[in-house]
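Notes follow once the structure below has been shown.
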Amino acid sequence: MQPAAHGASIFVPGFGTWQAYRHFALITRLLARVGSPLKVEPSTAALGTTVWWITWLHYSGFNDPVLVALNVIELTAGTAVVVFGQRALNAYWAIRPGPPAEGRVLPTDWFALGMAAAFFVLITISNVTVPTN
């Protein structure tokens, strides 16, 4: 598997939604296997990914109030998918058989977090500094 290509698949229409569905279906099976009461719904992840994809890839500029609202929706949908998926994975790793797994943050995780934070700051600045007529 090529991780970069796999990650970039989110930008292919429909394929990213299918990938999100597959990932969350696997997480659901893992949780069921260890008897976790926590559940995740693959269809919800696919819907959140679709909302993110449509709003993020189908408009340009952030100075129109409608586009700012779409940006908020996009960030919320994308964040919700990641947060719920990570919460479910954490639950699986906490109760799976075997030795406890250590929580860790890899350098690539910090890089991705930094890029997301920079994107958020730049979008916020661009929304605040938009000239009004």
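A few notes on this one:
- Considering the conditions (1) touching a Ser or Thr at 6+ places or on another chain (Cβ under 6 Å); (2) at pLDDT 85 or above; (3) surrounded by 14 or more Cβ atoms within 10 Å (Cβ to Cβ), Glu74 is excluded by exactly one of them, (2).
- Positions within region 33-47 being outside any helix (DSSP H, G or I) and either surrounded by 16 or more Cβ atoms within 10 Å (Cβ to Cβ) or not acidic (Asp, Glu) (or both), in sequence order: Val34, Gly35, Ser36, Pro37, Leu38, Lys39, Val40
- Test: residue in region 23-32 that is under 28 Å from Val128 (Cα atoms), surrounded by 17 or more Cβ atoms within 10 Å (Cβ to Cβ) and not β-branched (Val, Ile, Thr): no
- Hits in region 1-25 (condition: in a loop (DSSP other than H, G, I, E, B) and without any contact (Cβ under 8 Å) to a residue 24 or more places away in the chain): Met1, Gln2, Val12, Gly14
- Out of Thr50, Thr28, one residue alone is within 22 Å of Leu89 (Cβ to Cβ), within 14 Å of the chain's Cα centre (by Cα), assigned to a helix (DSSP H, G or I) and modelled with pLDDT of 80 or more. It is Thr50.
- Number of the exception - Phe62 against (1) at pLDDT below 80; (2) under 16 Å from Thr17 (Cβ atoms): (2)
- Filter pass, Val105 being closer than 30 Å to Leu122 by Cα, among the aliphatic types (A, V, I, L, M) and not in a helix (DSSP H, G or I): yes
- The single residue among Val82, Val105, Val51 that is without any contact (Cβ under 8 Å) to a residue 24 or more places away in the chain, closer than 24 Å to Ala4 by Cα, surrounded by 12 or more Cβ atoms within 10 Å (Cβ to Cβ) and not small (Gly, Ala, Ser) turns out to be Val82.
- Selection status of Ser43, among the small types (Gly, Ala, Ser) and either at pLDDT below 90 or touching an Asp or Glu at 6+ places or on another chain (Cβ under 8 Å) (or both): no
- In this structure, Val121 does not qualify as under 29 Å from Trp18 (Cβ atoms) and under 19 Å from the mean Cα position of the chain (by Cα).
The values are calculated or read from the model by the stated rules, or taken from the named source; none is laboratory data. In this text, all values refer to a predicted model and were calculated from it rather than measured experimentally. Every residue, glycine as well, gets a Cβ built from its backbone with ideal geometry; the counts of neighbours run over all protein chains shown.
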